[in-house]
Amino acid sequence: MNKVKVGVVGYGTIGQRLADGVVRMGDMELVGVANRTPNLGVRALKEKGMPYDLYMSDPKYADAYAEAGIPVCGTMEDLAEKCDILLDATPAGVGAENKKLFERMGKPCIFQGGEKNDVADVFFHGYANYEKGLDKQFLKLTSCNTTGLIRAVDCLDRNCGGIERVAITIIRRVADPGDYHRGLTNALKIDKAPSHQAVDLMTIMPHVEATGILVHTPVTHGHIITITAQGKQKITKEQALEAFKTHDRIRVVRIADGFLGNASMFKYARDLGNPRGDMYEIGLWEESIVEYGDQIMFAIYIPQEAVTIPETLDGVRAALHMQDTMEEATAKTNEYLGMAKWK
Ligand SMILES: NC(=O)C1=CN([C@@H]2O[C@H](COP(=O)(O)OP(=O)(O)OC[C@H]3O[C@@H](n4cnc5c(N)ncnc54)[C@H](OP(=O)(O)O)[C@@H]3O)[C@@H](O)[C@H]2O)C=CC1
Ligand SMILES: O=C(OP(=O)(O)O)[C@H](O)COP(=O)(O)O
């Protein structure tokens, strides 16, 4: 079997995890990663013995790489030349610049949530609109919160008779571990409604009306979203729980078992021995599911550093038409990432 050749551009929080994810795909090959400067992630890569080939996006830093003794295989263009598809995980706005090169070279690319929607042909989610991504050159993945949010809402939409309306509240981590650029805020900060995640959900699932409020919190390990959903018909707690439990990318946990909040989720992922304490699944608290009149309400945990990796890999499958359907594509990704509950 010819493996799909994948390159990752931007070796930060998301890029490192995308690279690791690609390596786990039996039908993909990681050609290499491109980064701007020899930052700490790149230095760690060197200390790990360069398991991936490294390329630089800006030759201005060639001396800095040489000084740090970090071997570089060429430019970002050299990397793109060798790849069937690129995964751009650069800071917001940089992807739109990189797109010009990929356009010139005729290479497909998947961008992450920080880019504007118009960077791509399709604003993509592996479950909710996989088929729309088929054969498209440029996909943009949903942001971390939106990825997890849509996983849960799509799960109810498909398995519980359809969803008409959702209202969401997001308690959002303010920065990643190791980030300093957002300051150490001992405060909560509220964004104006509706939050972009609710608007994004409506863009990808136009049959669902959504709105929501977002509050920034000074924690680094995960977001929590509460979701109130109105089905076309009443969804019971039992129906919702059954649907969530059978979803490969939703980990249903119980407060009674010790999953008290975001910190328990992070610690559990570390106890599992998951690299970097990552979790690909969203967490969903069983005891948070509650019926409210005709509506159903529940809370999910978004491990922001890893949650978009599976849906991005679905994006590779869609853009290169590796599988015809969402079911086949997500099953492959889940199997390779060890997320398939049927296994
Ligand atoms: N962090 C998160 O939790 C999530 C982030 N996202 C999205 O993913 C994208 C990436 O975010 P994140 O990983 O956090 O960002 P980071 O800042 O952690 O990493 C960005 C990386 O891109 C590199 N870079 C900068 N400019 C270029 C360039 N021109 N060419 C190649 N590499 C470059 C940076 O290197 P250098 O240090 O040398 O500049 C850095 O290694 C954004 O769109 C973000 O919105 C989506 C879901 C979750
Ligand atoms: O996609 C994310 O969040 P979002 O769904 O709140 O936009 C990631 O957590 C990135 O967030 P950041 O822009 O604070 O690094």
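We did not get these values from a lab; they are worked out from the coordinates using the rules stated. The structure displayed is predicted, hence computed values, not measured ones. Backbone-built Cβ (ideal geometry, glycine too); neighbour counts: all protein chains shown.
What FRET efficiency would be calculated for the residue pair GLU97, MET202, taking the C-beta separation as r and a Förster radius of 30 Å, to the nearest 0.05?
Once the sixth-power term is evaluated, E becomes 0.60.
Report the calculated FRET efficiency for LYS341 and ILE213 (r = Cβ-Cβ distance, R0 = 35 Å), to the nearest 0.05.
0.60
To the nearest 20 Debye, how big is the dipole of the chain about its Cα centre, given +1 on the beta carbon of each Lys and Arg and -1 on that of each Asp and Glu?
I would put it at about 520 debye.
Where does each of 88-94, 238-244 land if you order them by average Cβ count within 10 Å, highest first?
88-94, 238-244
Hey, any idea what Rg/Rh is for the chain, computing Rh the Kirkwood way over Cα pairs?
0.96
Tell me, GLU281, GLU328 in order of fewest to most beta-carbon neighbours within 10 Å?
Ordered by Cβ neighbours within 10 Å, fewest first: GLU328, GLU281.
Compute the helix-to-body angle for 13-24: its Cα long axis versus the longest principal axis of the chain, expressed 0 to 90° and rounded to tens.
90
Can you tell me the 0 to 90 degree angle between the C-alpha axis of helix 326-336 and the longest principal axis of the chain, rounded to 10?
Result, in degrees: 70.
Between VAL253 and residues 5 or more places away or on another chain, which pairs have amide H atoms under 5 Å apart, with H built 1.01 Å from N, and which residues are they?
LEU284, TRP285, GLU286
Once the convex hull of the C-alpha atoms of region 144-302 is built, how many Å³ does it hold per residue, rounded to a whole number?
119
Which Cα, out of VAL166, GLN295, ILE190, lies furthest along the positive dipole direction of region 144-302 (beta carbon charges, K/R +1, D/E -1)?
The residue sitting farthest along the positive end of the dipole is ILE190.
Step by step: find N for region 14-120, compute 2.2 N^0.38 Å, then divide the Cα radius of gyration by it. What's the final number?
After normalising by residue count via 2.2 N^0.38 Å, the value is 1.04.
Taking amide H positions as placed in the peptide plane 1.01 Å from N, state which residues far from PHE124 in sequence (5 or more) or on other chains have amide H under 5 Å from it.
Residues meeting the criterion, in which the H sits 1.01 Å from N, are LYS140, LEU141, THR142.
By the gyration tensor of its Cα atoms, with a ≥ b ≥ c the square roots of the eigenvalues, what is the shape of region 258-338: rounded for a/c under 1.5, prolate for a/b over b/c, or oblate?
Taking the square roots of the gyration eigenvalues as a ≥ b ≥ c, region 258-338 is oblate.
Compute the signed sum of charges (Lys and Arg +1, Asp and Glu -1) over the other residues within less than 9 Å, Cβ to Cβ, of TYR127.
0
Between 0 and 90 degrees, rounded to the nearest ten: what's the tilt of helix 144-159 against the longest Cα principal axis of the chain?
Helix 144-159 and the main axis of the chain meet at about 50 degrees.
Pull out the extension gain between THR228 and ASP118, defined as 0.36 nm times the separation in residues minus the alpha carbon to alpha carbon distance; nm, one decimal.
Full extension from THR228 to ASP118 adds 36.7 nm.
Which whole-number value in Å³ per residue fits the convex hull of the alpha carbons of region 211-326?
151
Using a Gaussian network model of the chain with C-alpha springs under 10 Å, which one of MET202, MET50, MET322 is most mobile by mean-square fluctuation?
Answer for the Gaussian network model of the chain: MET50.
Straight-line reach from LYS116: which aspartates and glutamates fall under 16 Å, measuring Cα to Cα and dropping same-chain residues less than 8 apart?
Partners within reach: ASP88, GLU97, ASP200.
How many nm is it between the label spots at CYS73 and ASN274, if each spot is 7 Å from the Cα in line with the beta carbon?
If labels sit at CYS73 and ASN274, their model points lie 2.8 nm apart.
So what are the ³J(HN,Hα) numbers for region 127-137, from phi and the Karplus equation (6.51, -1.76, 1.60; θ = phi - 60°), rounded to whole Hz, Gly and Pro as x?
9, 6, 8, 3, 4, 5, x, 4, 6, 8, 6
If each residue's Cβ is checked for other Cβ atoms within 10 Å, how do ILE190, ILE110 rank with the fewest at the top?
Listed from fewest to most nearby Cβ atoms, that is ILE190, ILE110.
If you take the square roots of the eigenvalues of the alpha-carbon gyration tensor of region 1-67 and sort them as a ≥ b ≥ c, do you get rounded (a/c under 1.5), prolate (a/b over b/c) or oblate?
prolate
In whole angstrom, how far apart do the alpha carbon centroids of region 137-172 and region 237-315 sit?
Taking the Cα centre of each part, region 137-172 and region 237-315 sit 13 Å apart.
On a full-extension model of 0.36 nm per residue, what is the gain between GLU327 and ASP176, subtracting their alpha-carbon distance, rounded to one decimal in nm?
51.2 nm
With just the Cα atoms defining each centre, how far is region 51-93 from region 2-27? Give it in Å.
That distance is 14 Å.
Assuming R0 = 30 Å, can you tell me the calculated FRET efficiency for the pair MET50 and LYS189, based on Cβ-Cβ distance, to the nearest 0.05?
0.15
Only bridges whose two residues both fall in region 144-302 count here: according to DSSP, what percent of them are antiparallel, nearest 5?
65
Of all DSSP beta bridges located in region 98-215, what percent are antiparallel, nearest 5?
5
Give the percent of DSSP beta bridges with both residues in the chain that are antiparallel, rounded to the nearest 5.
40
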